[in-house]
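Comments concern the structure below.
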Amino acid sequence: MASLSTSDVQQMFNSLDQNKDGLLSLDELVWLLDKTGVHVSEDELAYLVGKEGLDFDEFSYFYDMILLGNNNVGNEKNDEVKEEEMDKDLFKAFKVFDLNGDGLISPQELQSVLWKLGMWDNLDCDRIMSKYDVNSDGFVDFSEFKSMMLAH
């Protein structure tokens with residue numbers, strides 16, 4: 001997933017909070033993970049999060065640590081192995097957005113994936129793309145995607 005601003009993460013949270021109770025249930029989180037290619041059961045997720053739902057602050061942490069793969073807490077592997085694992089995870093996330101498999105994410109692909117995830121409502125896709133499209137070719141390649149993900 002693209003690294004998003006706090007307001008974008010809030011919009012994502014609000015769109016995922018189907019019953020508008022201010023908490024994302026495990027069912028809502030399983031749906032999100034499934035849509036991003038991470039398959040986990042509700043029981044496994046309950047074990048990971050330790051509760052029945054997440055408020056916005058907890059979701060923001062969850063987004064950063066789980067969805068962006070920035071969870072290095074308690075990991076005793078050397079830095080090179082950690083970076084290699086993170087690159088593999090980031091590449092899996094990149095492939096979710098690279099719908100045609102050409103190694104680039106177009107604004108249309110980003111919009112399509114965000115729409116499928118139910119997060120298209122108010123996200124400015126062009127702003128997200130232009131912020132991280134370093135070479136100004138109109139696409140985000142894996143290197144730019146990695147920078148975008150690690151900027152959060």
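The values are calculated or read from the model by the stated rules, or taken from the named source; none is laboratory data. Just so it is clear, the model here is predicted, and its values are computed rather than measured. We work out accessible area using only protein heavy atoms, side chains counted, and drop any ligands, DNA or RNA first. Shrake-Rupley method; radii C 1.70, N 1.55, O 1.52, S 1.80 Å.
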For the stretch 81-150, which semi-axes, largest first and in whole Å, follow from the square roots of 5 times the eigenvalues of its Cα gyration tensor? 20, 14, 11
For the stretch 6-69, with equal point scatterers placed on the C-alpha atoms only and solvent neglected, what are the log10 I(q)/I(0) values from the Debye formula at q = 0.13, 0.25 1/Å, to two decimals? -0.29, -1.19
Counting only protein heavy atoms, what percent of the accessible surface of the stretch 2-52 is carbon or sulfur at a 1.4 Å probe? 50
